[in-house]
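What follows is a set of notes on a single structure, which appears directly below.
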Amino acid sequence: MLEWVSLSWLQAMVLAVVQGLTEFLPISSSGHLAIVSKLFFGGDAGASFTAVTQIGTELAVVIYFIGDIARLIAVWFRGLFNVEIRATQDYKLSWYVIVGSLPIGILGFLFQDYIRSTLRSLWITGTTLIVFGILMGLAERYGKQLRAQAQLRLSDGVLMGLAQALALIPGVSRSGGTITAGLSLGLARSTAVRFSFLLAIPAVFAAGISELGHVFEPSGPGMQPTVAQMWVSTIVAGVIGYLVIAWLLRFVQRHSVYIFVWWRIAVGLAVYALLGFGVIPA
């Protein structure tokens, strides 16, 4: 098991920027954090540091989609007592988000120790970056991309939720898994991305809160941040994440996701090379 080492302010800020830039792009924030921290700082940022800084980026989602979120919550509560509201798409969408959030929550709880240790091997990260990059490319190429948000179904929420659960493995990418699943199911690219953002909110907040107790636990693996470093890192990641959300939603309306596919494959191959030549530890 890796031992904790002190995290400097430079390291904290670099990792916060990486988190903010990569959380919403389908390239795996946890994978990039592990790669950057080991390549430049000689240690693992740690699953807890990753999970808690993700709270900052998810706050960015909440702020960006506050109108949609408030509407869905209000409709969900009203629908519990009103049969007519239950027939609306917003009521159904709120349930799709709830149901789709269950797989990652259940699996994350059951395998939390395994996730925080064994699965953080860079050999695994490099492999998942490449494999799921190829799958994303295939989904982009062969997905029909016809269905809009109004045509979302419960099965979409379940299957995209299962795909999101795969992101417990560094390198898979939460957004990458859900976007790939959405495209494979025939969703329009922009619909898959927007639903991916909504689906991530409950899961990431739950993961971040559950990991708060581990961040400053000296017996765990990874680099050890101070309370101040965690606060500042989370805020920095959130601000950058907000800008990335706005950019990505505009980007996918006019462009394919192939740029992310090639990035994932290139980074995955680079990780293999760095590991093979002993430049970074697994």
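The values are calculated or read from the model by the stated rules, or taken from the named source; none is laboratory data. Computed from a predicted model, the values in this text were never measured in an experiment. Cβ: placed from backbone, ideal geometry, glycine included. Neighbour counts: every protein chain shown. Just the protein is used for accessible areas: all its heavy atoms, side chains included, with ligands, DNA and RNA removed. Shrake-Rupley method; radii C 1.70, N 1.55, O 1.52, S 1.80 Å.
Since only Val83, Tyr142, Ala163 are under comparison, the one whose Cα sits farthest along the positive direction of the charge dipole of the chain, derived from C-beta charges on Lys, Arg, Asp and Glu, is Tyr142.
Could you give the size of the charge dipole of the chain about its Cα centre, using +1 on the Cβ of each K and R and -1 on the Cβ of each D and E, expressed in debye and rounded to the nearest 20? All intermediate terms of the calculation are to be shown ahead of the outcome.
Working: 17 positive and 12 negative charges, 186 e Å.
My answer is approximately 900 debye.
Among Ala200, Ala188, Ala266, which one moves the most in a GNM of the chain with springs linking Cα atoms closer than 10 Å? Greatest mean-square fluctuation among the candidates belongs to Ala266.
Rolling a 1.4 Å probe over the heavy atoms of the protein chains gives the chain an accessible area of 45 Å² per residue. Residue ranges 259-265, 236-242 sort as 236-242, 259-265 when ordered by packing (mean number of other C-beta atoms within 10 Å per residue, highest first).
Taking the Cβ-Cβ separation of Val158 and Ala87 as r and a Förster radius of 22 Å, what is the calculated FRET efficiency to the nearest 0.05? Numbers along the way, then the final one.
On the way: r = 20 Å, r/R0 = 0.92.
E between Val158 and Ala87, to the nearest 0.05, is 0.65.
Its DSSP H runs of at least 4 residues, each contributing -39,500 (n - 2.57), put the calculated 222 nm mean residue ellipticity of the chain at -24500 deg cm²/dmol, to the nearest 500. Restricting segment 59-146 to trypsin sites (Lys or Arg not before Pro) that sit in a DSSP loop and have at most 15 other Cβ atoms within 10 Å of their own Cβ leaves Lys144. The residue list Val52, Gln11, Ile104 was ranked by how far each Cα lies along the charge dipole of segment 1-107 toward its positive end, using unit charges on Cβ atoms, and Ile104 comes out on top.
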